[in-house]
Amino acid sequence: MTASADALEHKQGFLNAMSPAGEVDLDTPTRFGRHSWLITEGLGFKLYPMCYGTHRALDGVIALAHEHDVAPADIAEICIEAGEVQLANLVHHDPQTALDAKFSMEFAVAMALIARRATLAEVKDSFVQRADVRALMKKVRIRLVSQPDAGRNRVSGDGVIVTLNNGKTLERRFDLPLGHAERPVGADALWVKFADCTRGALSEAQARSFFDLLQRLDTVDSIAEFPVLEAKERA
């Protein structure tokens, strides 16, 4: 595994990511274990294999695509309203590879409208290079929203405004992404994510058995109950 030489100390690196206010303290002794944040704040799940900054917009786009049966050919423009925090890492506006596409709001929107989902199957070089994907990316406009949400100490929610060729507009707004501790999803949605992540290594039966076991993790007496899973060979 390789990484940037300044992956830790870069302004968008690990240290700033792990410091809620971006104020890194290297001197104070660790307080790990003294604050049970999993209990007080809850556990969140990242549902899409994309930069987290795209997730609220993805929720909105996927919802609109399903609710209104939106066809890409009927779309004149898609406007995404997002805050500076959400857009900070979305630096690729014309991605050519799957890796770059993970950090592209334009690709995220096009993918969600065309596939009506966001899974590992779409985050591939071949999908990024599809003519219909690239054409739809050109219709995406991004509008920076700087008004803070004082109640949550974060910027206001992402907005998705789809303008159709006939002039009709469709709009959705989310303050928090699906899977956030304050906007939890059920076991069915978690299974879809788990199955997507394990599809290349485990059979569906293996993945399902393991997932069901993890769902009752608090009742497991010993790690010996966990099966020894042999990954299937990749094609």
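The values are calculated or read from the model by the stated rules, or taken from the named source; none is laboratory data. Since we're looking at a predicted model, the values are computed, not measured. In this analysis, Cβ positions are derived from the backbone assuming ideal geometry, glycine residues included, and neighbour counts consider all displayed protein chains.
Residues that are out of contact with any Gly (no Cβ under 9 Å at 6 or more places or on another chain) and surrounded by 15 or more Cβ atoms within 10 Å (Cβ to Cβ) within region 94-107 comprise Pro95, Ala98, Asp100, Ala101, Lys102, Ser104, Glu106, Phe107, listed in sequence order.
Give Glu41, Glu67 a once-over and let me know the one that is over 23 Å from Val91 (Cβ atoms), among the acidic types (Asp, Glu) and at pLDDT 80 or above.
Glu67
Looking across region 172-228 at every residue that is basic (Lys, Arg) and part of a loop (DSSP other than H, G, I, E, B), the one that is nearest to Leu120 (Cα to Cα) is identified as Arg199.
For region 148-169, the criterion of being among the acidic types (Asp, Glu), in contact (Cβ under 8 Å) with a residue 12 or more places away in the chain and assigned by TED's automatic domain parsing to the domain that holds Glu67 is satisfied by at least one residue. Considering region 211-226, and only residues there that are surrounded by 10 or more Cβ atoms within 10 Å (Cβ to Cβ) and not β-branched (Val, Ile, Thr), the residue that is nearest to Phe194 (Cα to Cα) turns out to be Phe211.
Within region 110-120, can one find any residue that is without any contact (Cβ under 8 Å) to a residue 40 or more places away in the chain, over 15 Å from Arg172 (Cβ atoms), of a type in the set (A, V, I, L, M) and assigned to a loop (DSSP other than H, G, I, E, B)? The answer is no; no qualifying residue exists.
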